[in-house]
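The structure appears below as structure tokens.
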Amino acid sequence: MYRLLRRICLLPLLLLILVACAARQASVPTATPVPPTATPVPPTATPVLPTATPVPPTATPVPPTATPVPPTATPVPPTATPVPPTATPTKRVIAAATVTPEPNPTEVPTVASEPQPTAASEPPAPPATALTYRFPVQGAKVNYGSSHHDYPASDIFCPVGSQFVAVTDGVIDYVSREDVWNPTKDDPAVRGGISLAMIGDDGVRYYGSHLSAVTDGIESGVRVTVGQTLGLTGKTGNARSTPAHLHFGISRPTTPDDWKVRRGQISPYRYLRAWQRGENVTPELP
């Protein structure tokens, strides 16, 4: 009820508001002079056009200003030309740096760890002392040829009693102090008559036969030195009917009774010539 009474009381108020609005709308004829006031607006806007016309001539000088830009860009290519030579050394440096790390880590530890520290801390080892050699006949005039009859050896012709010496340091391997050769039997094992053999420190066996004597104290197993007298030359064995000479043979060491190898395995000629010239040349065995 209260709400209904409130709405009834508001009705006269609403009517008064509507009457007031109607009265205001009745006063609209005062706004009519607005159209003639708006009419002069178009003539005011027309002078704007002449002001905008000078803009095109101002824009025209812009192209000549842009024209000098191309000549400025032309010198750029010559400036870029020196760049290739600058890049060339860079490639060489990179190639050198790339190669160095690859082999060095693999090889340097192997090579540098062994020879380099040794060479830096110790002097290089002296070369091994070469053996000294002497011509087998001393104190006499000799003559010999470059060949032998049926096996490699040398017959050094010299007077009876010439010194037969050790051609190098070594040990006596075989000694025969008696001449037991019989021409009727002609045993090849004793054709050398009085003879001896030594094995040098070079591992080579040297044999001399047809001697007239063996020096006292020269026995198997005795050590001798280069140039030491081993015996005297003569004409024993099957050299009785020939000029006096020393039969000289070079061979590899075998056994003392191996007369076939002992009498000569390689030709001594080139070594005899070298020893006569004072050259220390070691025979090469097969």
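Modelled with pLDDT of 95 or more, among the charged types (D, E, K, R) and part of a strand (DSSP E or B): which single residue out of 173, 202 fits that description?
Exactly one of 173, 202 is modelled with pLDDT of 95 or more, among the charged types (D, E, K, R) and part of a strand (DSSP E or B), namely 173.
Of the set (1) over 23 Å from residue 276 (Cα atoms); (2) surrounded by 22 or more Cβ atoms within 10 Å (Cβ to Cβ); (3) among the polar types (S, T, N, Q), all apply to residue 195 but (1).
Of all residues in the range 251-270, those that are without any contact (Cβ under 8 Å) to a residue 60 or more places away in the chain and open to solvent by less than 60 Å² (accessible area, probe 1.4 Å) total 4. Checking the structure you have, find out if any residue of the range 273-282 is of a type in the set (Asp, Glu) and either open to solvent by 50 Å² or more (accessible area, probe 1.4 Å) or at positive phi (or both). The answer is yes, given that some residue of the range 273-282 is of a type in the set (Asp, Glu) and either open to solvent by 50 Å² or more (accessible area, probe 1.4 Å) or at positive phi (or both).
Cβ-Cβ below 9 Å, separation at least six or inter-chain, first residue in the range 218-234 and surrounded by fewer than 14 Cβ atoms within 10 Å (Cβ to Cβ), second of a type in the set (Gly, Ala, Ser): which pairs? From the range 218-234, the pairs are 223/170; 225/166; 225/170. Count of the range 159-170 residues, restricted to those that are part of a loop (DSSP other than H, G, I, E, B), out of contact with any Phe, Trp or Tyr (no Cβ under 9 Å at 6 or more places or on another chain) and not acidic (Asp, Glu), is 4. Being among the hydrophobic types (A, V, I, L, M, F, W, C) and touching a helix residue (DSSP H, G or I) at 6+ places or on another chain (Cβ under 6 Å), is that true of even one residue in the range 175-185? Within the range 175-185, one or more residues are among the hydrophobic types (A, V, I, L, M, F, W, C) and touching a helix residue (DSSP H, G or I) at 6+ places or on another chain (Cβ under 6 Å). Say we look at the range 260-286 and pick out the residues that are touching a Pro at 6+ places or on another chain (Cβ under 7 Å) and not in a loop (DSSP other than H, G, I, E, B); which of these is nearest to residue 151 (Cα to Cα)? That would be 266.
The values are calculated or read from the model by the stated rules, or taken from the named source; none is laboratory data. Quick caveat: nothing in here was measured; it's all calculated off a predicted structure. Positions of Cβ are backbone-derived with ideal geometry, glycine not excepted, and every protein chain shown enters the neighbour counts. For accessibility, only protein heavy atoms count, side chains too; no ligands or nucleic acids. Shrake-Rupley method; radii C 1.70, N 1.55, O 1.52, S 1.80 Å.
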